[in-house]
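Asker: Structure in structure tokens, see below.
The values are calculated or read from the model by the stated rules, or taken from the named source; none is laboratory data. Here the structure is a predicted model, which is why all the values come from computation and not from measurement. Cβ coordinates were reconstructed from backbone atoms using ideal geometry, including for glycine residues, and neighbour counts include every protein chain displayed.
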Amino acid sequence: MKINRRLLLMTSLVANAITATTPTTRPNVVVIVADDMGHHDLSSMGSHIQTPNIDRLSTEGVKLDNYYVQPVCSPTRGSLMTGRYPFRLGLQHENLVGYRPAGLPLEEETMADLFRECGYKTSMIGKWQLGFFKESYLPWNRGFDEFFGQLLGGQDYYSRKKCLKLRNHGNLCGYDLRTHEGPVRDTSAKYQPFLYADKAKEKFAAHNKTQPLYMYLAFQSVHRPLQAPAMYTRLYDGQGLTGPQKIFAGMVTALDAAIGDVVDGLKESGLWNNTILFFSNDNGREGGGRHRGGKNDFYQGGISGTGFFAGPVIAQSKQGTRLKHLTHISDVLPTVLAAGQCKNTPEKPIDGFNLWPFMNGQDNEDVKKRREIPMQINPHLVLHGHDPRNFNTKWDTRMQGVYIKGDMKLIAGSYSILRRREHKSRTVFLYNVTEDSQENYDLSDQRRSLAESLMDKLADLLPEAKYPWHPTPDPKSDPDLNGGFWGPFQEEDLPDKNDTQVTDEDYDTVYPDDEDEPFDQ
């Protein structure tokens, strides 16, 4: 049979033209992270602070009722990006600070890597804080096609300037705003949440709808410094609040308004009806009266998360529901990849559980639910003196380890990312966090065998833990040596991206950062 090659060519061209102009049916994915916001800062949780947009999204979506994050920024963000526990990443000790040459290990694939491999346009706006000391650690070299935001943890909300105090070197000060194309000297003085929200709206409006979009939008709000526009602080006049309390309340409400702008931008650009959105805080905050502790702590106040999925992509029968079983920030990666119909998986095994079957209307009793979380293993953070009760366990009771199983939480060693003791001699504590959310009643004597079994679980995982990456500060990080901006300050010298090896000899004990006051960079 004779083939009409001209007809075949025309048919192919028409098919390609249709594909190039047909909107994708694969959902857009937007992941939003708020910084240092406690669960008790939302009006839906009884707060006096007005958060109508976040409350509405949460109510209309799928809320995670038993959700955990890590106690500070970088460990949570590392787990979010990789679907792996921070102790596997060497990020379990403290935040990644601008003057330390460390970051998310290059051998780890990120959420952006996986989405780009799956055919998504990948965009990041906001706070990175996963390392930037070399070019290879920057967001646009970790899977993001484009970037607009900051590399460090906090900055002035108007000037984009950040100062860090480095012992024997004074204040290191510089601007911290850039794109994937280079530093940006912004003089708009626009309040930062709205700067980021407006940039997100620009990206939505310009997006080619034939390709699905993955956007990671990481707000600095409501991290220090305390700054908010007067129009938001005035909302709290006459409520008996102190000046700092009014500013903080204004910061939360301004963040809520910016998130409302982001959702409006998705709707105005025609993306919302094919979008799944995830929202989370990165760590807890003191206050609210319900939980003990706050940022830096492995008490409930430091690790109780506020998380939910929202958007029309969720099955209508699942909208407005709650997941009551245990969930963790590492669960987000496999969940959004499944929602995006991505079949690719990272080379390294992930720890997260796929929650998408609980949202797509096809869940059944066979779907595996999380029952436990090994929250922390830190082989560096060791207290002086073993627990005197001689537990029958393979675990060193001086070493920091935290394990959650159902309602029970074990804390061994320090209860904080800082070196902190709960008791002058005891180092092992066991709490029922459902019945005792304030963690006032230690059950490690009454339920000794459970405490021992959870410590044995930690001991079994210890060989899989990376040593914390916490090197000595490098004065070459000074922005004055780098054009007045925070940015890479060391040359690329790793021949292979699979040789990030860290031992106790690499650990900085000269500049501990954290022994005298809560760590907040």
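Asker: Hydrophobic (A, V, I, L, M, F, W, C) and surrounded by fewer than 24 Cβ atoms within 10 Å (Cβ to Cβ), is that true of residue 72? Give the derivation first.
Answerer: Numbers: hydrophobic (A, V, I, L, M, F, W, C): yes; surrounded by fewer than 24 Cβ atoms within 10 Å (Cβ to Cβ): no.
In short, no.
Asker: Can I ask one more? For region 376-398, name all the residues that are buried (at least 16 other Cβ atoms within 10 Å of the Cβ) and under 16 Å from residue 450 (Cβ atoms).
Answerer: 387, 391, 393, 395, 397
Asker: Counting only residues that are among the small types (Gly, Ala, Ser) and either touching a strand residue (DSSP E or B) at 6+ places or on another chain (Cβ under 6 Å) or surrounded by fewer than 21 Cβ atoms within 10 Å (Cβ to Cβ) (or both), how many does region 90-139 have? Step through it out loud before you land on a result.
Answerer: The first filter runs over region 90-139 and keeps only residues among the small types (Gly, Ala, Ser), leaving 90, 98, 102-103, 112, 119, 123, 126, 131, 136.
Now restrict to residues that are either touching a strand residue (DSSP E or B) at 6+ places or on another chain (Cβ under 6 Å) or surrounded by fewer than 21 Cβ atoms within 10 Å (Cβ to Cβ) (or both): 98, 112, 119, 123, 126, 136.
Count: 6.
Asker: Does residue 401 meet the test of being in contact (Cβ under 8 Å) with a residue 40 or more places away in the chain, crowded, with 20+ Cβ neighbours inside 10 Å and in contact with a helix residue (DSSP H, G or I) (Cβ under 6 Å, 6 or more places away or on another chain)? It would help to see each step written out before you state the result.
Answerer: Working: in contact (Cβ under 8 Å) with a residue 40 or more places away in the chain: yes; crowded, with 20+ Cβ neighbours inside 10 Å: yes; in contact with a helix residue (DSSP H, G or I) (Cβ under 6 Å, 6 or more places away or on another chain): yes.
So residue 401 passes the test.
Asker: Here are 275, 306, 327, 335: which of them is crowded, with 19+ Cβ neighbours inside 10 Å and touching a Ser or Thr at 6+ places or on another chain (Cβ under 8 Å)? Full working, then the answer.
Answerer: Values: 275 fails: touching a Ser or Thr at 6+ places or on another chain (Cβ under 8 Å); 327 fails: touching a Ser or Thr at 6+ places or on another chain (Cβ under 8 Å); 335 fails: touching a Ser or Thr at 6+ places or on another chain (Cβ under 8 Å).
Exactly one of 275, 306, 327, 335 is crowded, with 19+ Cβ neighbours inside 10 Å and touching a Ser or Thr at 6+ places or on another chain (Cβ under 8 Å), namely 306.
Asker: Scanning region 47-63 for residues that are farther than 16 Å from residue 37 by Cα and surrounded by 20 or more Cβ atoms within 10 Å (Cβ to Cβ), which turns out nearest to the chain's Cα centre (by Cα)?
Answerer: That would be 63.
Asker: Limited to region 464-478, what total is found for residues that are in a helix (DSSP H, G or I) and either more than 21 Å from residue 411 (Cβ to Cβ) or of a type in the set (A, V, I, L, M, F, W, C) (or both)?
Answerer: Step one: filter region 464-478 for residues in a helix (DSSP H, G or I), giving 464, 475-477.
Now drop any that are not either more than 21 Å from residue 411 (Cβ to Cβ) or of a type in the set (A, V, I, L, M, F, W, C) (or both), which leaves 475-477.
Total satisfying the criteria: 3.
Asker: While we're on this one: What residue, of 366, 351, is out of contact with any Pro (no Cβ under 6 Å at 6 or more places or on another chain), farther than 19 Å from residue 276 by Cβ and without any contact (Cβ under 8 Å) to a residue 40 or more places away in the chain? Steps first, answer last, please.
Answerer: Details: 351 fails: without any contact (Cβ under 8 Å) to a residue 40 or more places away in the chain.
One residue alone meets the criteria, 366.
Asker: Next up: Name the strands (runs of 3 or more DSSP E) wholly inside region 93-197 in which the number of residues that are in contact (Cβ under 8 Å) with a residue 60 or more places away in the chain and basic (Lys, Arg) is 2 or more. Spell out how you get there, then give the answer.
Answerer: Details: elements: 121-127, 146-150, 161-166, 170-175.
Of the strands (runs of 3 or more DSSP E) lying wholly inside region 93-197, those with at least 2 residues that are in contact (Cβ under 8 Å) with a residue 60 or more places away in the chain and basic (Lys, Arg) span 121-127.
Asker: Here is a follow-up. Inside region 297-318, can you point out the residues that are touching a helix residue (DSSP H, G or I) at 6+ places or on another chain (Cβ under 6 Å) and either within 30 Å of residue 421 (Cα to Cα) or not in a strand (DSSP E or B) (or both)? So that I can check it myself, show each step before the final result.
Answerer: The first filter runs over region 297-318 and keeps only residues touching a helix residue (DSSP H, G or I) at 6+ places or on another chain (Cβ under 6 Å), leaving 304, 306, 308, 310, 312.
The answer is 304, 306, 312.
Asker: For region 394-419, name all the residues that are under 14 Å from residue 297 (Cα atoms), part of a loop (DSSP other than H, G, I, E, B) and in contact with a strand residue (DSSP E or B) (Cβ under 8 Å, 6 or more places away or on another chain).
Answerer: Matches in region 394-419: 413, 414, 415, 417, 419.
Asker: Could you say whether any residue in region 26-37 is acidic (Asp, Glu), in the same structural domain as residue 321 (by TED's automatic domain parsing), more than 20 Å from residue 373 (Cβ to Cβ) and in a loop (DSSP other than H, G, I, E, B)? Don't jump to the end; show me each part of the working.
Answerer: Let us first name the residues in region 26-37 that are acidic (Asp, Glu), namely 35-36.
From what's left, in the same structural domain as residue 321 (by TED's automatic domain parsing): 35-36.
Add one more test, that the residue is more than 20 Å from residue 373 (Cβ to Cβ), and what stays is 35-36.
From what is left, the residues that are in a loop (DSSP other than H, G, I, E, B) are 35-36.
There is at least one residue in region 26-37 that is acidic (Asp, Glu), in the same structural domain as residue 321 (by TED's automatic domain parsing), more than 20 Å from residue 373 (Cβ to Cβ) and in a loop (DSSP other than H, G, I, E, B).
Asker: Looking at (1) on the phi > 0 side of the Ramachandran plot; (2) touching a helix residue (DSSP H, G or I) at 6+ places or on another chain (Cβ under 6 Å); (3) crowded, with 22+ Cβ neighbours inside 10 Å; (4) not aromatic (Phe, Trp, Tyr), which is the one condition that is false for residue 222?
Answerer: Single failed check for residue 222: (1).
Asker: Return the total of residues in region 140-153 being among the small types (Gly, Ala, Ser) and either closer than 21 Å to residue 492 by Cα or surrounded by fewer than 23 Cβ atoms within 10 Å (Cβ to Cβ) (or both).
Answerer: Total satisfying the criteria: 1.
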